[in-house]
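Asks: This is the structure I want to talk about, given as structure tokens.
The values are calculated or read from the model by the stated rules, or taken from the named source; none is laboratory data. This structure is a prediction, so every number in the text was calculated from the model and none was measured. All Cβ positions, glycine included, derive from the backbone under ideal geometry; neighbour counts span all protein chains shown.
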Amino acid sequence: MRRLCLALFVLLWPIAPHDAAAQDLQALLQQNADEITKPSRRSVGEVLERLAASGVQGLPVFLERWSDKGVWKGPDGLFFFGEAEGDTLQLTDIDTGAVSGADKDGFTQLKPNGGVRRVIGTTLVQFQLSDPDPERRRSAVEAIGRSPSAEQLEPLQASIDNDPDPVIRARKEQLVVFLSAQFADSTDERIAAIQSLSADTSVEARSVLNRILSTRSFITAGEPEGNVAATEDASEDPEAFYARLVGEGLAQARVSADDIRAALEANVSDGRVGTVPVAQLGTDAARERAYTGLADAGRVPPFVTTAARDAALAAHRFYDRYDETDSKVTDAARAALTSVEQRVAFAQTADLALDALSLASIYFLAAIGLAITFGVMGVINMAHGEFIMMGAYTGYVVQLFIPDYTISILVALPLAFALTFGAGVTMERLVIRHLYHRPLETLLATFGISIALQQLAKNIFGTQARPLTSPGWLDGAWIISDVIQISYIRIAIFVLALVFLALILFVLKKTRLGLEVRAVTQNPGMAASMGINPERINMLTFGFGSGIAGIAGVAIGLYAKVTSEMGADYIVQSFMTVVVGGVGNVWGTLAGASLIGFLQKGIEWFNPANTLAAQTYMILFIILFIQFRPRGIVALKGRAAAD
Amino acid sequence: MRKSFIAENPSVLWFLLALSGFTLGVVVLSEAGGVAVLSTSFVKTLGKTLCLCLIAVAMDVVWGYCGILSLGHFAFFGIGGYAIGMWLMYARTETIVLESLASQVIPPTPQEISDAIGNQIFGVVGSSEFPAIWAFADSLFLQLAMVVLVPGLLALVFGWLAFRSRVTGVYLSILTQAMTLALALYLFQNDSGLRGNNGLSGLQNIPGFESTPQATISIVFFLASAFALGAGYVFFAWLLSGKMGSVVKGIRDNEARVRFLGYNVESYKLLIFTVTAIISGIAGALYYPQAGIINPGEIAPIASIYLAVWVAIGGRGRLYGAVIGAAVVSLLSSWFTGGGAPDINLGFYTIQWTDWWLVLLGLSFVAVTLFFPKGIGGLFDYLVRKQP
Amino acid sequence: MTTLLEVSGVSVTFDGFRAINNLSVQFAEAELRAIIGPNGAGKTTFMDIVTGKTRPDEGRVIWGERNISLLGLSESQIAQEGIGRKFQKPTVFEDQTVRQNLAMALKNPRGPFAVILHRKTAQNAARIEDIAEETGLSDQLTRTAGELSHGQKQWLEIGMLLAQDPRLLLVDEPAAGMTVEEREKTTDILRRAAETRAVVVVEHDMEFVRRLNCKVTVLHEGSVLAEGSLDHVTSDKTVIDVYLGRSDA
């Protein structure tokens, strides 16, 4: 009750009538000088209550300094805020704020002990909870959030109504629920609070419930006592449970292989242990025989037989007991936690799906350029990964010249496209054009280009990773709940992938270029006879596919490191995406990217610690998948597909 | 029969003569041979090169003759190396462990020995348990069987799956690359049972020959590699000499036609794929004791692509071409990257070959594909045509 | 005459396009037959189905005295059953000699191990000489197939079919791109072959068909439109409509 009174005083304090301020703090402190100079945990509460009741100005500051050991008592018994500088003190008057200097002699520093400081701190928090400055209120609320305790409940509750800031008030209300769940006086109040948590998937709410449900293990010879959480079956792992008995001093330790060896080594005499010659001790059976001999002679503790172990286990019960004694509370908390966990599992699934979606967008971006060149021209471009790398380095170099990250990205995207478009066209003109109808050799020639480009990048930019910094507005994440959050960069990449999907579909389906590309894909001879120049189309297609790789490179560089080997990391995945999806089809690539993205995230979910294993299994899956759908998800049918 | 085979394939005889001459020369000039012009490490490099030539011959058979651009044969090579490496590492560690346990007051039990070996080998990956795949590591004979069986079975299963569903051309290449990547990623894991990215090391120490100098061991392995290359070469030349060669080349040039002639193309491909995989495994088993260490990085897809590069530069569809390609490119590669090549000072920029060799290799590879599809081996055609 | 191959009620659809529509046709042993029809009539698809390249959606393909269904067999098994096929474009192994091409086609065990252990025999050599003689390639045996003229390649391919010793020969447009003399020779080879086995020729060129002087089957939109002698089918009104009426369609 006293706590509540104190809280009410504190709350009324900022709006307390100022006539009370006629009394100044120094005077008030002098009235309680003894308790303030030598406070004890017991007595300090009353003093604080008196101080708070006075409604005097400057009390929170004083309490803060007091707690920080910043208050000194002068030879005349007056209190000052002081700061020691060598032998001198810089003194500040508590009421007027006047600063003066003094010799340290004669002044004593007030050093409240830890217990007292805690009580002061609690009072201080109460002041801060109602502080006119919202920033201070917020930090006070967060302090409670970090280390909740029973005594904070009432002042917190009392401070809600007068808080003008809706955000802070909402947070206070939330914290009140957390605190009541743990510390409210009546069981009913606690259960009500706990039940209101059963829809809250935040990490904080879950930790509150878990704290209520904290358990400790006990071993007893009799019946389990208290609020039992679970009893354990010792037969599941007898050795481990027996080890616990031994640890509690309730049983004698089993003799391990190491014990046997140590005992035997200590008891060798005349080349024998007991009756057994040392040379024969190379088997477990002989060692046991020798040890039994020693035990019979009483020189080492005897073996604890399995039967003795089981008897000891049977004589004891192993169980977990809740720290919370009230079983109604723990039942409610368990029910709430189960419900929360279901929601969390659901949210995690949603989060996983979002993750998979963004991974799929990255694969799509990385692969779509490849799909275009592979699908339209039947050309495998092993240097595609290096075009991605070129795009990423373009972004890096642009940032060296344009420090504004937003502008530099806007410049880098078209520049990367132009650069890789040019590289693609050059490559097509110089190399690939001569190798049509020899797809395996295209693969090898472009591989040669790939190693040359990779080494060239290494020579120019060095081996260490280069940063490609994203603009500030792409930092951070869109937080839907504690479980579901997705970084803005990934959203941006997703949007970019959608834009490209739309763009490519538009180019292929609605433009003259797309029509010509499709014509060349289906029948180059016929297209040529209709006045379409297949060479030009091939060149443009290759340039287009390469240009998209450059843009993908900028996007990937934003969230991954830019290294000369980054292309190699994506090339195999991109091939998989194209092959799994089905060649020559934008939708196929989309399907392939989605399948691979979701699959990889799914496998990682089963085995989160091991991304290597996830990749291994994914590739094995793809190998098997291709057995059953050799032409991919979206397969061309008919005679055209057979050629 | 034998006579007619050699008579019909004079190049085999020439190759064997050249190989014998080279082998003899190296033995005489080595430290073990007494002249000691060639250092032991250079003899090892030459021995390793012979193993690379052997796998290049296998690659040529599967790609140059049968038309399957496998990007997975280096995986089989690595598996062979791992299989023999397991025995080498186990047996060597066992010797060391037994020596250290001998000073104990009482003799060790088999369990203690096994635990101590496990601790030594798997300590680096925080384990001391022997994984199931090490069950036969104590037996040289069984591990040698693994050198042949594991690549063979893997190739058989993978090939059966892939060929059965008619995966061909670049699709097949990518699929084999995926297989290689999956294997490498698996081996990179610490719980793969093969020491993760630490790989197996100390393989140059041959158990039972601790007191034999490395100079002698290097020559023995060099001879074994030369013998394996010669035997492998003759085997493949024989295999492809007659009608089998016709059918296999037919599959390369027009698979459907061969099928309509009544040949079951899949079983031919499977046979070639598996046999070359086994030879690759054997080459790997000879290579890694000379290299001394094997780790998953060796198996990475890039290695298999380099293999294709060697064969292409040497000249596809002729076995000696593969040998020339592998020998020339891998020796040049170690000369350039080892700092053997003099830097070129252009005044404003100095070309350091350690940095620029890969650029040169990449570009020359493009040039070979574009302008000399027959590779170095094509020069021989030119010479032969000029003579008469 | 006994039936060698019976195709009944076969249909196949590609992406909604019905390439073969309830096709039924029979071939007897030792028969020469020409199949004609406009573009897209399903001639090549029909061959694809018989040789196992394409699986029909429905229908039966029954072969030989033992009435084997060909639908469950692979291309190589069907070839081993005795059906040989010549493609429209000459497909010989250009890197190998004419002799090697023929040797590969010779009727011998086809398993890989049998092939590895295969050795040359005088019998096989004689058979190769015979076929070369028959197709007029005796002087070319040691030449690389890639060096042959277009017509010679066509004959080599026919020779390879003969070497297989099939009971049914499917020949797709053998006369395409040939000179008049070459055509005559091709006709002779096919007619001689048809004395001992069934030969089915798909052809566009009416002149060539007339020279073959055999029963003709007209395909249209995936099914049989007419069957009989060339004179009979060319006087058939529906056939005339299909061939000539297309212009006003």
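Asks: Got a number for residues in the range C:197-213 being over 15 Å from the mean Cα position of the chain (by Cα) and within 18 Å of C:Leu4 (Cα to Cα)?
Replies: Here the count works out to 0.
Asks: Kindly state which helices (runs of 4 or more DSSP H) lie completely within the range C:6-114 and contain at least 2 residues that are out of contact with any strand residue (DSSP E or B) (no Cβ under 6 Å at 6 or more places or on another chain) and within 30 Å of B:Tyr65 (Cβ to Cβ).
Replies: Where helices (runs of 4 or more DSSP H) fall fully within the range C:6-114 and carry at least 2 residues being out of contact with any strand residue (DSSP E or B) (no Cβ under 6 Å at 6 or more places or on another chain) and within 30 Å of B:Tyr65 (Cβ to Cβ), they are C:75-81, C:98-105.
Asks: A:His434 is checked against (1) assigned to a helix (DSSP H, G or I); (2) surrounded by 17 or more Cβ atoms within 10 Å (Cβ to Cβ); (3) not small (Gly, Ala, Ser) and fails just one. What number does that condition carry?
Replies: The number of the failed condition is (2).
Asks: Identify the residue in the range A:482-491 that is touching a helix residue (DSSP H, G or I) at 6+ places or on another chain (Cβ under 6 Å) and either farther than 28 Å from A:Ile571 by Cα or of a type outside the set (Val, Ile, Thr) (or both) and, among all such residues, is nearest to the other protein chains (Cβ to nearest Cβ).
Replies: Among residues in the range A:482-491 that are touching a helix residue (DSSP H, G or I) at 6+ places or on another chain (Cβ under 6 Å) and either farther than 28 Å from A:Ile571 by Cα or of a type outside the set (Val, Ile, Thr) (or both), the one nearest to the other protein chains (Cβ to nearest Cβ) is A:Arg490.
Asks: So A:Gln126 ticks every box in (1) of a type outside the set (Asp, Glu); (2) at pLDDT 80 or above; (3) out of contact with any Lys or Arg (no Cβ under 8 Å at 6 or more places or on another chain); (4) in a helix (DSSP H, G or I) but one. Which box is left unticked?
Replies: For A:Gln126, the failing item is (2).
Asks: A further question on this structure: Of the residues that sit in the range A:586-643 and are among the hydrophobic types (A, V, I, L, M, F, W, C) and assigned to a loop (DSSP other than H, G, I, E, B), which one is modelled with the lowest pLDDT?
Replies: Across the range A:586-643, the extreme among qualifying residues is A:Leu636.
Asks: Same structure again: In the range A:280-298, what residues are of a type in the set (D, E, K, R), within 54 Å of the chain's Cα centre (by Cα) and over 13 Å from B:Pro110 (Cα atoms)?
Replies: Once the filter is applied, which keeps residues that are of a type in the set (D, E, K, R), within 54 Å of the chain's Cα centre (by Cα) and over 13 Å from B:Pro110 (Cα atoms), the range A:280-298 yields only A:Glu288.
Asks: Another question, if that's okay. Could you tell me whether the range C:120-135 includes any residue that is assigned to a helix (DSSP H, G or I) and either of a type in the set (Lys, Arg) or at the interface with another protein chain (Cβ under 8 Å from one of its Cβ atoms) (or both)?
Replies: Yes: the range C:120-135 contains one or more residues that are assigned to a helix (DSSP H, G or I) and either of a type in the set (Lys, Arg) or at the interface with another protein chain (Cβ under 8 Å from one of its Cβ atoms) (or both).
Asks: Which ones in the range A:159-180 are buried (at least 21 other Cβ atoms within 10 Å of the Cβ) and either more than 23 Å from A:Gly121 (Cβ to Cβ) or over 29 Å from the mean Cα position of the chain (by Cα) (or both)?
Replies: Result: A:Ser159, single match.
Table: residues versus (1) among the hydrophobic types (A, V, I, L, M, F, W, C); (2) crowded, with 23+ Cβ neighbours inside 10 Å; (3) in contact (Cβ under 8 Å) with a residue 60 or more places away in the chain.
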residue: C:Thr121; (1), (2), (3): no, no, no
residue: C:Asp130; (1), (2), (3): no, no, no
residue: C:Glu134; (1), (2), (3): no, no, no
residue: C:Gln140; (1), (2), (3): no, no, no
residue: C:Val171; (1), (2), (3): yes, yes, yes
residue: C:Pro174; (1), (2), (3): no, yes, yes
residue: C:Val180; (1), (2), (3): yes, no, no
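Asks: Right, next: Just checking, which of B:Gly375, B:Gly317 is within 14 Å of another protein chain (Cβ to nearest Cβ), in a loop (DSSP other than H, G, I, E, B) and in contact with a Phe, Trp or Tyr (Cβ under 7 Å, 6 or more places away or on another chain)?
Replies: It is B:Gly317.
Asks: Residues in the range B:99-118 that are within 12 Å of another protein chain (Cβ to nearest Cβ) and in contact (Cβ under 8 Å) with a residue 12 or more places away in the chain: how many?
Replies: Of the residues in that region, 3 qualify.
Asks: Among (1) surrounded by fewer than 17 Cβ atoms within 10 Å (Cβ to Cβ); (2) in a helix (DSSP H, G or I); (3) at pLDDT below 85, which single condition is B:Ser128 missing?
Replies: Against the list (1) surrounded by fewer than 17 Cβ atoms within 10 Å (Cβ to Cβ); (2) in a helix (DSSP H, G or I); (3) at pLDDT below 85, B:Ser128 comes up short only on (2).
Asks: Any idea which of (1) among the acidic types (Asp, Glu); (2) within 7 Å of chain B (Cβ to nearest Cβ); (3) more than 23 Å from C:Lys153 (Cβ to Cβ) is the one C:Glu81 doesn't satisfy?
Replies: (2)
Asks: Related question: Within the range A:519-554, how many residues are of a type outside the set (S, T, N, Q), out of contact with any Asp or Glu (no Cβ under 6 Å at 6 or more places or on another chain), within 13 Å of A:Ile432 (Cβ to Cβ) and crowded, with 22+ Cβ neighbours inside 10 Å?
Replies: Residues meeting the conditions: 2.
Asks: Just need a number here: residues in the range A:255-279 that are surrounded by 12 or more Cβ atoms within 10 Å (Cβ to Cβ) and either out of contact with any Leu (no Cβ under 8 Å at 6 or more places or on another chain) or closer than 19 Å to B:Gln111 by Cβ (or both).
Replies: Qualifying residue count, the range A:255-279: 16.
Asks: Which ones in the range A:436-461 are touching a Leu at 6+ places or on another chain (Cβ under 7 Å) and over 15 Å from B:Pro301 (Cβ atoms)?
Replies: A:Leu440, A:Glu441, A:Thr442, A:Ala445, A:Gly448, A:Ala452, A:Gln455
Asks: Can you report the number of residues in the range A:569-585 which are buried (at least 24 other Cβ atoms within 10 Å of the Cβ) and part of a loop (DSSP other than H, G, I, E, B)?
Replies: Of the residues in the range A:569-585, 1 are buried (at least 24 other Cβ atoms within 10 Å of the Cβ) and part of a loop (DSSP other than H, G, I, E, B).
Asks: Within the set of pairs 6 or more residues apart or between chains, which connect a residue that is more than 8 Å from chain B (Cβ to nearest Cβ) and at positive phi inside the range A:264-284 to a residue that is exposed (fewer than 15 other Cβ atoms within 10 Å of the Cβ) and part of a helix (DSSP H, G or I) with Cβ atoms less than 8 Å apart?
Replies: Partner pairs satisfying both residue conditions: A:Gly271/A:Ala279.
Asks: Still on this model: Residue check: is A:Met390 in contact (Cβ under 8 Å) with a residue 24 or more places away in the chain, of a type outside the set (Val, Ile, Thr), within 12 Å of chain B (Cβ to nearest Cβ) and surrounded by 20 or more Cβ atoms within 10 Å (Cβ to Cβ)?
Replies: Here the answer is no, as A:Met390 does not meet what is asked.
Asks: Determine if the range B:194-203 includes at least one residue that is surrounded by 19 or more Cβ atoms within 10 Å (Cβ to Cβ), of a type in the set (Lys, Arg), more than 26 Å from B:Leu286 (Cα to Cα) and more than 20 Å from the chain's Cα centre (by Cα).
Replies: Among the residues of the range B:194-203, not one is surrounded by 19 or more Cβ atoms within 10 Å (Cβ to Cβ), of a type in the set (Lys, Arg), more than 26 Å from B:Leu286 (Cα to Cα) and more than 20 Å from the chain's Cα centre (by Cα), which makes the answer no.
Asks: Still on this structure, I have one more. For the range B:246-273, how many residues are within 23 Å of the chain's Cα centre (by Cα), more than 7 Å from chain C (Cβ to nearest Cβ) and surrounded by fewer than 22 Cβ atoms within 10 Å (Cβ to Cβ)?
Replies: Of the residues in that region, 1 qualify.
Asks: Identify, please: which residue in the range B:34-85 is of a type in the set (D, E, K, R) and more than 25 Å from B:Leu187 (Cα to Cα) and is, among those, surrounded by the fewest Cβ atoms within 10 Å (Cβ to Cβ)?
Replies: Restricting to residues being of a type in the set (D, E, K, R) and more than 25 Å from B:Leu187 (Cα to Cα), the top hit is B:Lys44.
Asks: Scan the range A:437-476 for residues that are at pLDDT below 85, in a helix (DSSP H, G or I) and more than 11 Å from every other protein chain (Cβ to nearest Cβ) and report the count.
Replies: 3
Asks: Hey, another quick one. Only residues that are assigned to a helix (DSSP H, G or I), out of contact with any helix residue (DSSP H, G or I) (no Cβ under 8 Å at 6 or more places or on another chain), at pLDDT 85 or above and not small (Gly, Ala, Ser): list them for the range A:175-222, please.
Replies: Answer for the range A:175-222, where residues must be assigned to a helix (DSSP H, G or I), out of contact with any helix residue (DSSP H, G or I) (no Cβ under 8 Å at 6 or more places or on another chain), at pLDDT 85 or above and not small (Gly, Ala, Ser): just A:Asp188.
Asks: Let me ask something else. Within the range C:155-162, does at least one residue satisfy the condition of being at pLDDT below 85, out of contact with any Gly (no Cβ under 9 Å at 6 or more places or on another chain) and not in a loop (DSSP other than H, G, I, E, B)?
Replies: Among the residues of the range C:155-162, not one is at pLDDT below 85, out of contact with any Gly (no Cβ under 9 Å at 6 or more places or on another chain) and not in a loop (DSSP other than H, G, I, E, B), which makes the answer no.
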